[in-house]
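The values are calculated or read from the model by the stated rules, or taken from the named source; none is laboratory data. Source: prediction; values computed, not measured. Cβ placement follows ideal geometry from the backbone for every residue including glycine, while neighbour counts extend to all protein chains displayed.
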């Protein structure tokens, strides 16, 4: 099952970005590559829907690594998730905030 199929089956959400694959590739190059990938995704984001999906993807990665017993990667993704989540909650307003909360709930 692909990540996209997993999201549809479990959450009713179909990813529209390559964030999951981008982060999977970055994992082969270490922590700094993961952080750089997230920073670049934020920097080049096309809006609140992209940042919402990035936040969701980072959260999923956190849980995937936790379930596999890799506490280090799980903790890294957890730190990135809370940073992204807090940023979105602080900066999104109106429709953007509603979308974020509805989609990530």
| query | Across segment 85-96, what is the total count of residues that are loosely packed, with under 15 Cβ neighbours inside 10 Å and either within 14 Å of the chain's Cα centre (by Cα) or within 13 Å of residue 49 (Cβ to Cβ) (or both)? | reply | 3
| task | Check 28, 44 and return the single one that is at pLDDT 95 or above and surrounded by fewer than 14 Cβ atoms within 10 Å (Cβ to Cβ). | result | 28
| query | Listed residues 54, 89, 97; which is part of a helix (DSSP H, G or I) and in contact with a helix residue (DSSP H, G or I) (Cβ under 7 Å, 6 or more places away or on another chain)? | reply | 54
| request: State whether the residues of segment 62-76 include one that is under 23 Å from residue 8 (Cα atoms), surrounded by 16 or more Cβ atoms within 10 Å (Cβ to Cβ) and touching a residue at least 24 places away in the same chain (Cβ under 8 Å). | output: no
| field | Identity of the residue in segment 10-25, assigned to a helix (DSSP H, G or I) and at pLDDT 95 or above, that ends up farthest from residue 98 (Cα to Cα) | value | 25
